[in-house]
1. Within the stretch 225-257, can you find the residues that are of a type in the set (A, V, I, L, M, F, W, C), open to solvent by 10 Å² or more (accessible area, probe 1.4 Å) and not in a helix (DSSP H, G or I)?
2. Within the stretch 110-158, how many residues are surrounded by 20 or more Cβ atoms within 10 Å (Cβ to Cβ), away from ligand 1 (no atom under 16 Å from the Cβ) and not in a loop (DSSP other than H, G, I, E, B)?
3. Which of the numbered conditions does residue 195 fail, given that it passes all the others? Conditions: (1) surrounded by 14 or more Cβ atoms within 10 Å (Cβ to Cβ); (2) in contact with a Ser or Thr (Cβ under 7 Å, 6 or more places away or on another chain).
4. Tally the residues that are touching a Pro at 6+ places or on another chain (Cβ under 8 Å) and at pLDDT 90 or above, restricting the search to the stretch 57-109.
5. Between a residue in the stretch 260-271 that is more than 17 Å from residue 230 (Cβ to Cβ) and any residue that is among the acidic types (Asp, Glu) and surrounded by fewer than 18 Cβ atoms within 10 Å (Cβ to Cβ), which pairs come within a Cβ distance under 9 Å, given they are 6 or more apart or on different chains?
6. Residue check: is residue 291 open to solvent by 20 Å² or more (accessible area, probe 1.4 Å), more than 16 Å from ligand 2 (Cβ to nearest atom) and among the basic types (Lys, Arg)?
7. Which one is farthest from residue 322 (Cα to Cα), of the residues in the stretch 159-171 that are of a type in the set (Gly, Ala, Ser) and surrounded by fewer than 16 Cβ atoms within 10 Å (Cβ to Cβ)?
8. Among (1) open to solvent by 40 Å² or more (accessible area, probe 1.4 Å); (2) part of a loop (DSSP other than H, G, I, E, B), which single condition is residue 174 missing?
Amino acid sequence: MSLYNILPSNFNEISSCSGLFSLFQSLVSGKTLDASDVAPVLEKFRDLLIAKNVAAEIASKLCSSVETKLIGKHVGSFEGVTSVVRATLTESLMLLLTPKRRLDILRDVREAQHNRKPYAITFCGVNGVGKSTNLAKVSFWLIENNFRVLIAACDTFRAGAVEQLRTHVHHLNALHPPEKHGGKTMVHLYEQGYGKDAADIARMAIDHARKHTFDVVLIDTAGRMQDNEPLMRALAKLILVNEPDLTLFVGEALVGNEAVDQLVKFNKALANHSNATNANTHMIDGILLTKFDTIDDKVGAAISMTYITGQPIVFVGTGQTYADLRNLDAKAVVHLLMQ
Ligand SMILES: Nc1nc2c(ncn2[C@@H]2O[C@H](COP(=O)(O)OP(=O)(O)O)[C@@H](O)[C@H]2O)c(=O)[nH]1
Ligand SMILES: [Mg+2]
């Protein structure tokens with residue numbers, strides 16, 4: 001399933017006057033728009049964004065950016081207004097969702113391979129958002145691209161976390177047996193059981209990967225609440241010590257305002273607890289947005305998370321099988337948001 005498939009089948013027929021854009025019917029045509037014309041309309045638009053799970057603060061900011069673009073515009077008709085508003089909104093949202101820097105993991109893994117250095121990705125986030133499941137999907141994707149993966153079991157906290165990963169490794173190797181890959185076992189688990197220091201295990205896993213020519217190390221971490229200071233400190237240490245090539249924040253697409261709180265605090269913790277210089281402080285490099293299959297048109301978390309971090313949504317989880325991993329389709333998200 002591509003993200004396009006979640007567009008309503010009648011998307012193209014949704015008239016420019018329907019839904020959101022009927023809000024703009026009240027704008028007087030044939031005049032130059034001023035603040036009092038657009039204020040009531042943008043207020044309704046803000047509510048609509050919030051109803052689609054865009055965090056309140058970000059909905060306000062988006063509205064003010066649209067407002068500045070609308071004020072002073074001369075519009076001749078209702079159609080004129082809707083098309084100006086649609087274009088302005090689309091432009092702002094597309095700009096937001098289009099990564100400023102291109103992240104090409106396969107290319108970067110290849111480069112690391114060339115330098116004989118395993119490429120490490122850390123998965124972090126609160127409890128139950130889908131870190132381990134989507135880590136397994138990312139493994140599957142990497143194996144399909146013929147890379148050997150070492151999964152580091154650094155959730156040494158939650159009972160069953162290691163066994164969950166072992167089961168994934170077993171399934172993944174069954175789907176991609178050594179016979180299909182020149183006799184090589186494509187995915188292994190590095191584990192040291194429970195209760196140990198996660199940063200240490202990650203370090204040993206990366207060492208192990210280097211010695212045994214794994215291309216990628218995927219570091220699973222324990223879920224933690226953004227306000228839990230000791231656990232946030234431990235995550236910052238893991239990242240500081242191991243300098244992963246990529247730190248992915250895993251977040252549920254279901255959340256609204258909460259997403260912003262999580263991201264702001266995860267980023268702050270990584271910045272505060274790293275004693276590195278600004279130049280190599282490791283922050284969140286990208287977002288893995290899970291459970292996208294469960295949200296209908298409430299796609300606002302994608303907007304909020306990108307807005308807060310300025311970082312790309314690298315993957316979107318769209319279900320519970322290994323193949324349910326996608327790239328973000330910014331166009332589809334914007335369409336769903338504006339219908
Ligand atoms: N529908 C759906 N469920 C998901 C997705 N990703 C993860 N899950 C489910 O979310 C639950 C928690 O996942 P888990 O990986 O254990 O979360 P963790 O605590 O963050 O490691 C499991 O039941 C997963 O199957 C997704 O993209 N879509
Ligand atoms: Mg987990």
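1. Step one: filter the stretch 225-257 for residues of a type in the set (A, V, I, L, M, F, W, C), giving 225, 231-232, 234-236, 238-241, 246, 248-250, 253-255.
Checking the rest, the ones that are also open to solvent by 10 Å² or more (accessible area, probe 1.4 Å) come to 225, 231, 234, 240-241, 254-255.
Selection gives 225, 254, 255.
2. The total comes to 6.
3. The number of the failed condition is (1).
4. 1
5. 260/57; 261/227
6. On the way: open to solvent by 20 Å² or more (accessible area, probe 1.4 Å): yes; more than 16 Å from ligand 2 (Cβ to nearest atom): no; among the basic types (Lys, Arg): yes.
No, not satisfied.
7. First pass over the stretch 159-171, keeping only residues of a type in the set (Gly, Ala, Ser): 159-161.
Next, only the ones that are surrounded by fewer than 16 Cβ atoms within 10 Å (Cβ to Cβ) stay: 159-160.
Working: 159: 23, 160: 20 Å.
Selected residue: 159.
8. Condition (2) is where residue 174 drops out.
The values are calculated or read from the model by the stated rules, or taken from the named source; none is laboratory data. Owing to the predicted nature of the structure, the values given are computational and were not obtained by experimental measurement. Here Cβ is always computed from backbone atoms with ideal geometry, including for glycine, and neighbour counts include all displayed protein chains. Note: areas computed on protein heavy atoms with side chains; ligands, DNA, RNA excluded. Shrake-Rupley method; radii C 1.70, N 1.55, O 1.52, S 1.80 Å.
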